[in-house]
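A.B. asks: This is the structure I want to talk about, given as structure tokens.
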Amino acid sequence: MLDLAGKAILALWNGVEASRVPEYNAWHTREHVPERVAIPGILGARRYVRAHGPLPEYLTLYSLETIDVLRSDPYRALLDNPTAWSRAMRPSLRDFLRIPCTRLMSAGGGLGSVVAACVLTERELAGLSAKLELQALAKKQGIVAVHMLVRDNSIPDVPFQVGGANFANAGVVLVEGYDEPELKNSLPDISDVLRASGIPDGEKTLTTYRLAYAIDRASLGRLTSVAK
């Protein structure tokens, strides 16, 4: 799975207590993400680590066949019945932001090694205009894909408390690139297009991330465990 597939995307941001970063990376890679990708309707996942910007340090994107996956019994059972390792990790999570989204627009394709992300306010979402200009970003040097995602407010929140991040959550714009310096050079153009598209505050949260890990359902059977 190279493209950000499916009709819906679950976007999750978080930080983690500094002393537990190595354990977090092992847990997230070997247990947390695979158990979710095993759920029917979840097609794959990507985890990113922040390079520069104000949004939380880690960004995880889950590709969903439809948004209804997040209402399904298998998914809710994972939330309600976490593993012992997950229960132990939750108190160390910081700046949690969860945005269940449907896809409004995508242009371009493939999997970029870096992504620029920004979050939208309700006002910006209501004023969103020039989708064609956002689509045209995919033709620019260093950019391979652009995605416009809109929050689905009918999806229930997680049934546990995690320290939350104070950011807008009405939608997400993702701009994928194949090279970090190239994407960095494109940030002024991206900011101009966001403003022209009715997203004047987008550049305030525009954050670049490096891809750390990606997995799809076809890989689950080859995973190995890790000593905790």
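FYI, it's all coordinate maths here, none of it is from the lab. This structure is a prediction, so every number in the text was calculated from the model and none was measured.
A.B. asks: With N denoting the number of residues in the range 1-92, provide Rg(C-alpha) divided by 2.2 N^0.38 Å, to two decimal places. Don't skip to the end; give the middle numbers.
C.D. replies: On the way: Rg = 13.5 Å, N = 92, 2.2 N^0.38 = 12.3 Å.
Relative to the rule-of-thumb radius for its length, the range 1-92 sits at 1.10.
A.B. asks: Taking 8 Å as the Cα distance limit and 6 or more residues as the minimum spacing, I'd like the relative contact order of the range 80-228 as a percentage.
C.D. replies: Computed over the range 80-228, the figure is 35 percent.
A.B. asks: In Å, what Kirkwood hydrodynamic radius results for the range 42-125 from the alpha-carbon pair distances?
C.D. replies: Working: mean 1/r = 0.0643 Å⁻¹.
It is 15.5 Å.
A.B. asks: Let me have the 222 nm mean residue ellipticity of the chain computed from DSSP H runs of 4+ only, each contributing -39500 (n - 2.57), with the sum over all residues rounded to the nearest 500.
C.D. replies: -6500 deg cm²/dmol
A.B. asks: Between the range 2-44 and the range 85-153, what's the alpha-carbon centroid distance in Å?
C.D. replies: Spelled out, the Cα-based centre of one part sits 16 Å from the other.
A.B. asks: Rounded, prolate or oblate, given the Cα gyration tensor of the chain, with a/c below 1.5 counting as rounded?
C.D. replies: Cα axes put the chain in the prolate bin.
A.B. asks: Within the chain, how many Lys pairs that are eight or more residues apart, or on different chains, come under 23 Å at the alpha-carbon?
C.D. replies: Within the chain, the lysine pair count is 10.
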